[in-house]
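Data first, discussion second: the structure below is written as structure tokens.
The values are calculated or read from the model by the stated rules, or taken from the named source; none is laboratory data. Computed from a prediction, not measured in an experiment: that's the story for all the values here. FYI the Cβ positions are ideal-geometry reconstructions off the backbone, even for glycines, and counts take in every protein chain you see. Just so you know, the surface numbers come from the protein's heavy atoms only, side chains and all, with ligands and any DNA or RNA stripped out. Shrake-Rupley method; radii C 1.70, N 1.55, O 1.52, S 1.80 Å.
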Amino acid sequence: MDTDIQLLLELQEIDQQISKLKKLKEQIPQEIEALKKQKEELIFRFEKIHTDLKKAEALKREKELDIQSYEDRIQKIQEALERVRTNEEYKALLREKAQIEEMIMEVEDEILSLMEEVEKLKEEEQKLQQIIDKEKEEIDKKISEKEKELENIEQQLKELEEKRKDVASRIKPQLLSRYELVKNKKGTAIAIIDSDTCTGCFLIIPPKVYSSVVKGEGLLTCPHCGRFLYYQPK
Ligand SMILES: [Zn+2]
């Protein structure tokens with residue numbers, strides 16, 4: 001037959017497993033959230049490059065149209081130059097032409113740097129495209145592993161709660177309520193005596209209590225912290 005202390009120790013073991021699993025159970029949803037965020041960031045990064053690329057391409061097209069209209073204007077100036085009558089008019093037209101040519105050069109520089117940007121973004125987009133699917137898959141795999149782990153923990157907790165009920169039912173009600181009381185207050189309700197010290201509160205146990213515990217003369221508690229005392233022969 002199990003002694004009181006053996007049953008209490010069994011209960012404590014179950015309680016420690018339960019609290020460990022509960023901590024894990026709390027952690028996992030946060031880990032899943034972090035993974036989901038990682039995936040979102042990946043998608044966001046890709047979308048940003050894609051948007052930047054589209055913007056740069058649109059701007060480049062816009063600039064090319066600008067050049068087109070500048071060239072049209074130069075064509076018109078060219079035609080006007082042939083019909084010009086006064087020297088003043090002639091000079092004014094040439095000035096305008098030179099200004100437009102300068103603007104064309106500026107826009108051409110802009111187009112050149114936009115082309116470089118487009119190339120760079122295309123490269124980045126391609127590189128990311130290659131890794132993104134694989135990374136997303138890996139993250140999804142990790143998420144489903146975590147979800148499975150959570151299910152496992154819930155199952156284990158259910159089993160432990162059942163086991164706990166069974167063990168608790170075999171403990172004298174008075175001892176059980178004392179166990180719960182001390183456990184709720186101190187975290188653990190049973191402490192091993194090491195030499196003459198309670199390993200729960202690390203205070204010295206009176207010699208009389210100590211020798212009774214060592215001899216196994218009934219269930220005693222630490223006078224300082226209230227934990228059940230347990231002697232483990234070395
Ligand atoms: Zn103690």
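When you filter the GluC sites (Glu not before Pro) in the range 148-234 for DSSP loop state and at most 13 other Cβ atoms inside 10 Å of their Cβ, you are left with E217. With 21 Å as the limit, the listed pairs K60/K122; K183/K215; K163/K183; K48/K142; K23/K172; K23/K134 have K183/K215; K48/K142; K23/K172; K23/K134 beyond it between alpha carbons. Quick check: from the Cα gyration tensor, does the chain come out rounded (a/c under 1.5), prolate or oblate? Taking the square roots of the gyration eigenvalues as a ≥ b ≥ c, the chain is prolate.
Counting charges near P223 (Lys, Arg +1; Asp, Glu -1) among other residues having Cβ under 13 Å from its Cβ returns a value of +1. The residues of the range 172-234 expose, per residue, 62 Å² of accessible area to a 1.4 Å probe.
Based on Cα contacts under 8 Å between residues 6+ apart, the chain shows a relative contact order of 27 percent. About the centre of its Cα atoms, the chain shows a dipole size close to 2260 debye [charges on the beta carbon of Lys, Arg (+1) and Asp, Glu (-1) only; nearest 20 debye]. Here the range 22-65 and the range 116-131 have alpha carbon centers that stand 15 Å from each other. Roughly how many percent of the accessible protein surface of the range 14-169 is carbon and sulfur, given a 1.4 Å probe and a whole-percent answer? Carbon with sulfur: 49 percent of the solvent-accessible area.
Farthest toward the positive end of the dipole of the chain, out of V167, I49, S212, is the Cα of S212, where the dipole comes from beta carbon charges about the Cα centre. Computed over the alpha-carbon atoms, the range 172-234 gives an Rg to Rh ratio of 0.95, Rh here being the Kirkwood radius from the mean inverse distance.
Once the Cβ-Cβ distance of K172 and K20 is raised to the sixth power relative to R0 = 45 Å, the FRET efficiency obtained is 0.95. The ellipsoid equivalent to the alpha-carbon distribution of the range 143-197 has semi-axes of 31, 17, 10 angstrom, derived from the gyration tensor eigenvalues as √(5λ) and listed largest first. GNM, the chain, Cα, under 10 Å: largest mean-square fluctuation among I74, I111, I43? Of I74, I111, I43, the Gaussian network model singles out I74 as fluctuating most. The alpha-carbon of K136 sits under 12 angstrom from the alpha-carbons of these aspartates and glutamates, leaving out residues fewer than 8 places away in its chain: E40, E41.
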